[in-house]
Amino acid sequence: LTHPEVNYTIDILDYKKSDDAVITTESFLEGKDNVVKWKQDGGWIEWVVDVEQEGLYSLLMEYYPLDGIGHDIEMQIMINDELPFEGAMRISFFRTWKDLTGILTDNRGNELRPKQVEYPVWNQDYFKDKDGYTNLPYSFYFKKGRNTIRLFLTQESLAISQLKIVNQSLSLKYEDMLEH
């Protein structure tokens, strides 16, 4: 299968949801217009996209972690009502943290980690291996024509401003490296 160099931006507000998914839309959230807020109460949300060329594509999401208990955001993805592979059952999106204090020392002079506090910001990340066995984004098969992307939120809450189906060169050829 090929990796067509075609990108699709999904209309994030044009979704279908299950009855038990707590989803609202916001016209403005932390600098982004027209976002979907998803509270972690289960359920799923689904988008339909028309793909011109069948092949393998990566998914890129722009998200904002909402208040929670500090765990990574976890979800499961299905493409066209099928789980594409085992790794698609647990995809994580990270929260952002910042140091609250400088490096601390104990009464023996040992350095201690600084205390941290969550620092929510908009992040963009690929759907990828949670355990880090590969650094490349997952590849999902999309047929030519109408496809559905269904996400199940399994841990924490988030807002989504963009979801894209993308393919771009992730590595340069040797000849291209010589030019740099």
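None of the figures in this text is laboratory data; all of them are computed from the coordinates on show. Because the structure is predicted, anything quoted here is derived from the model rather than measured. Cβ placement follows ideal geometry from the backbone for every residue including glycine, while neighbour counts extend to all protein chains displayed.
Values computed for the structure shown
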| read-out | value |
| --- | --- |
| Most mobile listed residue (Leu60, Leu151, Leu100) in the chain, GNM with C-alpha springs under 10 Å | Leu100 |
| Peptides ranked, highest mean first, by Cβ atoms within 10 Å: ranges 43-55, 153-165 | 153-165, 43-55 |
| Entries in Lys16/Lys143; Lys16/Lys115; Lys17/Lys130 that, when Cα-Cα distance is taken, lie over 31 Å | Lys16/Lys115 |
| Contour excess over end-to-end distance, with Cα ends at Glu46 and Asn107 and 0.36 nm allotted per residue | 16.5 nm |
| Alpha-carbon centroids, the stretch 106-130 and the stretch 59-74: separation in whole Å | 15 Å |
| Listed peptides 30-40, 124-134 by packing density, highest first (mean Cβ within 10 Å) | 30-40, 124-134 |
| Efficiency of FRET between His71 and Thr24 - r from beta-carbon atoms, R0 22 angstrom, step 0.05 | 0.50 |
| Unit charges on C-beta of K, R, D, E only; dipole of the chain, Debye | 240 debye |
| Förster-model FRET efficiency, 30 Å R0, Tyr119 and Asp14, C-beta, rounded to 0.05 | 0.45 |
| Approximate spin-label separation Trp97-Lys130, in nm, with each point projected 7 Å along Cα-to-Cβ | 1.9 nm |
| The stretch 1-81, dipole about Cα centre (Lys/Arg Cβ +1, Asp/Glu Cβ -1), debye to the nearest 20 | 160 debye |
| Residue-averaged [θ]222 nm for the chain, counting only DSSP H segments that reach four residues, each worth -39500 (n - 2.57) | -1000 deg cm²/dmol |
